[in-house]
Every structure is written in C-alpha cells, then in structure tokens.
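*Asks:* One structure follows; several queries about it will come next.
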Amino acid sequence: MKNMSKQAASLLLAAGIGMTAASAWPAETLQDVLKRRNLSQQDLLAAAKTYVPTGKRDEFVTFSSGGQSGQVIVYGIPSMRILKYIGVFTPEPWQGYGYDENSKAVLDQGKIDGKSITWGDTHHPAISETNGEYDGQFLFINDKANPRLAVIDLRDFETKQIVVNPIFKSEHGGAFVSPNTDYVIEAAQYAAPLENKKFYPLEEFNEKYRGGVTYWKFDRKEGRIVPKDSFSLELPPYSQDLSDFGKGPSDGWSFTNSFCSERYVGGIEKGRPPYEAGCSAKDTDYLHVINWKKAAELVAQGKAKKINGHNVIMMETAIKEGILFLVPEPKSPHGVDVTPDGKFMVVAGKLDTHVSVYSFEKIQAAIKAGKFESKDPYGIPVIGLKDAVHVQVPLGLGPLHTQYDSKPCVAYTSLYVDSQVAKWNYCEGKVLDKISVHYNIGHLMTMEGDSTKPAGRYLVALNKLAIDRFVPVGPLHPQNHQLIDISNDKMQLLYDMPLPLGEPHYAVSIAATKLKPGVRYKVGTDSRTDKPHPGAVRAGEERTEKKGNKVTVYGTLIRSHITPETIEAEVGDEITIHLTNLERAQDETHGFTVSTFNTHASVEPGKTVTVKFKADKEGVYPYYCTEFCSALHLEMQGYLLVKPKGWKPTKVAAEKAIYTKADYDKQVKKIADTQAVIDSVVGYITSVNYKDFPDVVAMVEDATDQLGKIPAAKAKHEEAAKKGDWQNATLWAEQVWQYQVKTADLGLRAKTYLEQAGAKKIK
Ligand code: K7E
Ligand code: CUA
C-alpha cells in the first residue's frame, strides 16, 4: 500500500508542486572547465559544432551497416548519438525480432537450402531514391557472406523482406539503387558455379565458375522486391566488387568493378603462390559497363536463361546484344562511385595511388564508334583506358571509396594505407586538402553523398581500427566513426564515436526532415506484412479457444493489463497467443514474454503480434509485460498454467477476506482526491487548442478509454459495499483508482506536451 501513496504523491508533484534544491558549490565558469579538462579552443569549437542540447534534434540521420552483427545502426549527426539498432539478418530480442511468429517469418525468408542463417556480413546500406534524390522511404542492405538482400521500411524502421540470391554464393556489390529505385543492384564477389549445389574442380575455374550482377526489381507501392521480375547478368569470374547505378546522362547504365581479372586460383597447400599474389599480379583489372535498361528489355523478350528458376542473361547474349563492355582499371581497384551529375565514374586504385575518373561520354563514344582495344577471354569488348578516362589523379596510398560534396566537382576519397581523407576536384583533377584520420579508414560518407544532390556539411570516416582511442575493453576493439566538418576549405575533425557492433563497412545519411516515421499502427496491424493481423481483436472481444491440443489466445494489452490474466493448458498443448496493443498514445509499447519458453514480443501501439510455443512441460509459468510502461507495469502480469494430462481440481480453498470497512472508506477518499487531480488536468487541456496536436488527441482518446471503464467498476464496489462485502468493495474501488491513475498519467503527459509545444488558450 506504501507504493500507492507514493504514486499519489508523485501525481501531486507532477500536477505542479515542485521541489527546490540548494547547493553550497558555486558553478564553474567555461574557463574553469576548459582548464580543468585541459581543452583547447579548437576542442571547444568542435564541441559546439556537435553538441545537441536537450530537447533539440540532429540534422541528419545515419544508417550504418552493423557489419557481422547483421543489423543496422541508426545514429544522428552531428551528435553521433545512437538512436536505434534494427534487426535485419540477426534476431534482435528487444524488438522481438526472431522471437515472435511474425518477425520469424521474415527471418525465415532468408533461409538457404532450408537452413536458418542467423547472422549476416552486412556491408552497404542504400536509401531509396526518387529522381536520384533520397526520399526517406526505404532502406536496403546486403549480406555478403550469405548472398541476401533485405528491405527495411522507414515508416517503422522494421525489416520487411529478405531475398536470397538464387545464383551466387557470396555477394558484395550491393545494395545500390537506381535513380527511381525500380532496381536494387547486387554483384557477386567470389566466383562459383551459378547452378545450385553443383561441384566443379578448381581446375575448371575459367570455364565453370562465374561472377555476375543481379538487378532486383523493387515494387515501391508494395514495398517489396519482386523476385520473379528480377534478373541477373552472367559475368566472367573476375571477383566483381562494388557497383553503382548511372544517373542523369548515364541513367540506364550500371558499373561494377572487379579485383581479380587474373582469374587466379590459389592453393598454397599444393605449392601454388597464394591468392593475394596471384590476384594482384596484373597491372589492371576491369570495370564492367552494363546497359541494364536494355538488359531488362531482353529479359522481357524472353532472351534470358532460367538458372535455379531465375532469369539470367548469359554473356554470349549480352555480347551479341551489345549491353556489356569492359574498361581496364588500375590496380586491384575498390569502389566505383558515379558523380552526382552522372557524367563520371570514379574508381580507386587500392594498390595504385591514383583514382581514375572515367567519362561516360567518352565510353559511349567508343561504344558507338565500335572502338575497342581488344576482347577479354570470353569475347567481351574492352574499351581502351585512354579512350575512357577523363583524368587520373594521384591521391595517396590505398585509395578506396569516394563521396561527393554539395560543391560542384568536389569529392572525398578515403586513403586506407595513409589513413587520410583526400579532398579533390574531379573535374580538374587536383588535390584540394587532406586530413589525417585515425587508423585505416575504409568507407567514408558525406550527407546524402550518393544522391544527385549531396548535402555537404559533414563527412564520416569509417575507420577499421580504434587503437588507443577509447578506454580499453579487451582485445576486440570497437570501430571508430570520426565526424569531420567539410563546410569550409579545410576539413576539421570534430568527434570520435566508438561503434561496438560488428565492422560497419558503409553508412548513408539523410536529412532528418525527410524521414516521416509513424508513431502507431492502425489497430490490429501485422507490422511485418503491413496487413491486418488475423489474430487481432478489439477491447472486449478477447477470448481463448481450445481445439484438441491447440490453445489459441486472442488477447490485448493496455496499461496496465494483459487480457487474459490466466491461460490454462495441458502438457503437450500448442499455445498460440495473439496480442494486440490497444494503446494510441505515442511510445506506449508493451513487451510480452512467458517464463522459460524463449519467446518475446515487442508490441508497439496498434500492433498485433503472435507468439507460439509448445507447452511441453508441466508447471506454472508467469507471463508479463517487459516494457516499463506505467506505474503499474510490474502488475501487468498473468499465469500460464500447464496441468498434467487429465488433471481435475480436488478442493477449492475459499479466499480469506482481509479488508474491512475502514479500508474501503480509505479507498473512496483516495478516489475523490485523485479525481480532483484529473479534473484540474482536464480543465487545463480543454482550455487550450489541444485538438491541433494529433499526439495529444491520441493521448486524450486513450485517457477517455480508461475513464470509460470506471462506471462498471464503480457499480461493482458500490454493490459490494451495500452488501457489506468489504473485501470485494475494497478491491473494486482499488480498480477504479487504477483506471484513474492511468487516466491521470496520460493527462499529465498531455499537459507537459502542450506546455512544451506552446499550446494556446482558447477560452
Ligand atoms: Cu570497402 Cu565491403 Cu564497401 Cu569494406 S567494402 S571498406
Ligand atoms: Cu505494459 Cu509494462
């Protein structure tokens, strides 16, 4: 009971009776702090550029690959504060991802050869585009190890679909989107036979092993990839690397680099020189230049071959139809990045100090003129380097990836070996500035830097090593994302953020204002299919059905109550629990688990989720809400009773009354006090223009729901009191108070919201 008076006290506090604190320590000045913490003016400037005061928000939202964690990490720029982890290829317990049936169905789409793969080597996230500009609707990311691609809907930041590449055994060059996101590209990495589960000896590498590039068709309206409308191009076994789509003048074309056109097969066990020697022996590899729009037409004309049920344009067809060309690129290159205007493709040398800027115009002129320097061993025409290159710029050691600025012709390239970022001009081919970053930068990323309209401002260096940077946490270090200010001529390093979740290769950033995520679902939605959930019920429709050994619960969650409060089963029954969160208020998520059955659901407002398990052991298993959702969260509980087969009750012990008239009178008094708090809050809310705030309207609706339950409970306590049944009278009066507390909780939150939002008096 102590607990409750505390709650009443906190209600009063929240209603406006505050506390004041006194301190004997004088406040430090800014100068004092700079001295004490040994900070320079430069540090102070960096801090001021990244600090986001309480209540304020970041300008950009970054989606970072989670590397081997198989997740996506969402953080804000410039604060570098982490906002969310999205479960993609890997179960994520908090979100119930992989622990409820609806999300398991998504993970199951990623099964390969019937087996679950519960991790992913995620590399490259991509934001959907409209006319080449980020539109903030969808995110895609690849899994290099197990060639898969995932679709995340940015309305709720949930993974909706995983597709398995039908012909590759690994893929690296994805995900990148076409300017209107009608296709998402994914290129193979390590060559293998395209047929599934087919063995050929390595001696037949040149004949039987293949690379390729897949164009996944994306249906924007459905928000899903359509495998049957997708296709691939068979490519030589050159270890295809990264890809990018053309845009503007180069729209309709795509580009994929490669790093082992030597087609070298190692085998140090047999005395052969190793892979890394053989794959870097030649001075050049090949950039693949592909007319994908024409490829899609060829597929429509039936010119593709079916391999594993998937449309594949064979090299022979591609050569004959003139949709596939090669251009030499020095040397074991990495990355191909199309400039925002779509005129150039930048390829970094990796083992060559240059970046090569290819001109799309020159490439097209060579193709039109039929001017090729040679053919590769498979008969693909090779355009001469000098006939394709606009300029080659020496940048430094180990150039890898390139991103673009809002300023025309300005690019940034990561230098892996030098651990630097080079700022340079790709139109004129000159270096503008360099900045040292911490050890071994891989990708770098500018704001909206993949789009036709980069936003400039900031750059993130995704560094591989974090030696000496952070407080040590054992032999496995975090990654280090360094934020760099690029708004001026000289780059300035602002912030180091440790990222402790796998090795994120790449990240993409979008202006925060372009994201419009929802705060609740339409009641009864299966968020993984975006369709009405067949197990959804409304308040008052809850029920439990038993058919044979199947127990099916149609339940609901609302502060602070799980309906039903008990689930009865016999050993061996299959239990299916559908749960609908009836809340409308923002952020009122309830979690759900049943002790020891390895099940968990996160049920956000409006969502319906199913958990399913076999009650294979006799016993008593509490279930409860796992999110601290209200003052009575701990009381949001119930029991799963698993009885032995054929169990019958022997005796029913009568419940002993413990409450008296005095208890009842106390309850009635408490109800009256709380009602006064509610009335004052309601008085405030209705005195302002709260209807202009949809979030508040939702809270008011939820509060009205709670209030609506009071008359029935009130009738029960008054009825019991009339009969002198103080036990039931006290408990039902308590229930009235529970509804009041929830109402008051919502009301106070609405009041705070309105005060902070500057609501206006209307009377
Ligand atoms: Cu350079 Cu997979 Cu894009 Cu790593 S990749 S760095
Ligand atoms: Cu619902 Cu805690």
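The values are calculated or read from the model by the stated rules, or taken from the named source; none is laboratory data. Keep in mind that this is a model prediction, so the values were computed, not measured. Neighbour counts run over all protein chains shown; Cβ positions are idealised from the backbone, glycine included. Heavy atoms of the whole protein, side chains included, go into the accessibility calculation; ligands, DNA and RNA do not. Shrake-Rupley method; radii C 1.70, N 1.55, O 1.52, S 1.80 Å.
*Asks:* Please go through segment 189-209 and pick out each residue that is among the charged types (D, E, K, R) and in a loop (DSSP other than H, G, I, E, B).
*Replies:* If the condition is that a residue be among the charged types (D, E, K, R) and in a loop (DSSP other than H, G, I, E, B), then E195, K197, K198 are the ones that fit.
*Asks:* With the checklist (1) closer than 24 Å to H443 by Cβ; (2) assigned to a helix (DSSP H, G or I) in hand, flag the one item L149 doesn't pass.
*Replies:* (2)
*Asks:* Still on this model: Restricting to segment 610-632, name every residue that is out of contact with any Ser or Thr (no Cβ under 6 Å at 6 or more places or on another chain) and buried (at least 17 other Cβ atoms within 10 Å of the Cβ). First the steps, then the outcome.
*Replies:* Filtering segment 610-632 for residues out of contact with any Ser or Thr (no Cβ under 6 Å at 6 or more places or on another chain) gives 610, 614-620, 623-625, 628-629, 631.
Result: T610, A615, Y623, Y624, C625, C629, A631.
*Asks:* Among (1) open to solvent by less than 70 Å² (accessible area, probe 1.4 Å); (2) within 24 Å of D587 (Cα to Cα), where does T674 come up short?
*Replies:* Against the list (1) open to solvent by less than 70 Å² (accessible area, probe 1.4 Å); (2) within 24 Å of D587 (Cα to Cα), T674 comes up short only on (2).
*Asks:* Starting from segment 75-88, keep only residues that are closer than 14 Å to P500 by Cβ, then list their pairs with residues that are of a type outside the set (A, V, I, L, M, F, W, C) and surrounded by 19 or more Cβ atoms within 10 Å (Cβ to Cβ) whose Cβ atoms are within a distance under 6 Å, requiring at least 6 positions of separation or different chains.
*Replies:* Y75/T62; M80/Y495; I82/Y75; Y85/Q71
*Asks:* Also, quick follow-up: Could you please let me know if K522 is away from ligand 2 (no atom under 16 Å from the Cβ), without any contact (Cβ under 8 Å) to a residue 12 or more places away in the chain and either open to solvent by 50 Å² or more (accessible area, probe 1.4 Å) or within 30 Å of S451 (Cα to Cα) (or both)?
*Replies:* Criteria not met by K522.
*Asks:* Still on this structure, please answer the following. Please list, ordered by residue number, the strands (runs of 3 or more DSSP E) wholly in segment 499-586 having 1 or more residues that are under 17 Å from the mean Cα position of the chain (by Cα) and more than 16 Å from ligand 1 (Cβ to nearest atom).
*Replies:* Of the strands (runs of 3 or more DSSP E) lying wholly inside segment 499-586, those with at least 1 residues that are under 17 Å from the mean Cα position of the chain (by Cα) and more than 16 Å from ligand 1 (Cβ to nearest atom) span 507-511.
*Asks:* Within segment 248-303, track down each residue that is farther than 20 Å from V213 by Cα, open to solvent by 40 Å² or more (accessible area, probe 1.4 Å) and assigned to a helix (DSSP H, G or I).
*Replies:* G248, P249, I268, E269, K270, Y275, E276, A277
*Asks:* Would you mind finding the one in K661, K643, K651 that is among the basic types (K, R) and modelled with pLDDT of 95 or more?
*Replies:* Residue meeting the stated conditions: K643.
*Asks:* Return the only residue of T660, T686 being more than 30 Å from V571 (Cβ to Cβ), of a type in the set (S, T, Y) and more than 45 Å from the chain's Cα centre (by Cα).
*Replies:* From the options T660, T686, the qualifying one is T660.
*Asks:* Another one. Among the candidates K490, K531, K550, single out the residue that is in contact with a strand residue (DSSP E or B) (Cβ under 8 Å, 6 or more places away or on another chain), basic (K, R) and within 30 Å of K645 (Cβ to Cβ).
*Replies:* Answer to the check: K550.
*Asks:* Within segment 40-58, does at least one residue satisfy the condition of being farther than 23 Å from P454 by Cα and within 16 Å of the chain's Cα centre (by Cα)?
*Replies:* no
*Asks:* Test V164 against the stated conditions and say whether it is touching a strand residue (DSSP E or B) at 6+ places or on another chain (Cβ under 7 Å), farther than 24 Å from L235 by Cα and either in contact (Cβ under 8 Å) with a residue 12 or more places away in the chain or not hydroxyl-bearing (S, T, Y) (or both).
*Replies:* No: the conditions fail for V164.
*Asks:* Would you check if there is a residue in segment 348-359 being polar (S, T, N, Q), over 29 Å from A466 (Cβ atoms) and under 31 Å from the mean Cα position of the chain (by Cα)?
*Replies:* Scanning segment 348-359, I find no residue that is polar (S, T, N, Q), over 29 Å from A466 (Cβ atoms) and under 31 Å from the mean Cα position of the chain (by Cα), so the answer is no.
*Asks:* Go over the candidates K386, K375, K371, K362 one by one and state the one that is in contact with an Asp or Glu (Cβ under 7 Å, 6 or more places away or on another chain) and without any contact (Cβ under 8 Å) to a residue 24 or more places away in the chain.
*Replies:* K371 is the lone residue from the list that is in contact with an Asp or Glu (Cβ under 7 Å, 6 or more places away or on another chain) and without any contact (Cβ under 8 Å) to a residue 24 or more places away in the chain.
*Asks:* Further, regarding this structure: Considering only residues that are in contact (Cβ under 8 Å) with a residue 24 or more places away in the chain, part of a helix (DSSP H, G or I) and basic (K, R), which ones fall in segment 709-763?
*Replies:* Within segment 709-763, K742, R749, K751 meet the criteria.
*Asks:* Being part of a strand (DSSP E or B) and in contact (Cβ under 8 Å) with a residue 40 or more places away in the chain is the filter here, so list the residues in segment 622-645 that pass it.
*Replies:* In the first step, residues of segment 622-645 are kept if they are part of a strand (DSSP E or B); the result is 622-624, 637-643.
Correct list: Y623, Y624, Q637, G638, Y639, L640, L641, V642, K643.
*Asks:* Now, a different point. If you scan segment 736-763, which residues turn out to be among the acidic types (D, E) and closer than 15 Å to S630 by Cα?
*Replies:* D745
*Asks:* Which members of segment 226-246 meet the condition of being more than 16 Å from ligand 1 (Cβ to nearest atom) and open to solvent by less than 10 Å² (accessible area, probe 1.4 Å)?
*Replies:* S230, F231, S232, L233, L235, P236, P237, Y238, G246, listed by residue number.
*Asks:* Would segment 109-122 turn up any residue that is among the hydrophobic types (A, V, I, L, M, F, W, C) and in contact with an Asp or Glu (Cβ under 7 Å, 6 or more places away or on another chain)?
*Replies:* Initially, segment 109-122 is screened for residues among the hydrophobic types (A, V, I, L, M, F, W, C), giving 112, 117, 119.
Of the ones still in play, those that are also in contact with an Asp or Glu (Cβ under 7 Å, 6 or more places away or on another chain) are none.
No, because not a single residue in segment 109-122 is among the hydrophobic types (A, V, I, L, M, F, W, C) and in contact with an Asp or Glu (Cβ under 7 Å, 6 or more places away or on another chain).
*Asks:* Which of the residues belonging to segment 205-223 are under 23 Å from the mean Cα position of the chain (by Cα), over 12 Å from L233 (Cα atoms) and touching a residue at least 12 places away in the same chain (Cβ under 8 Å)?
*Replies:* Listed by number, the residues that qualify are K217, F218, R220, G223.
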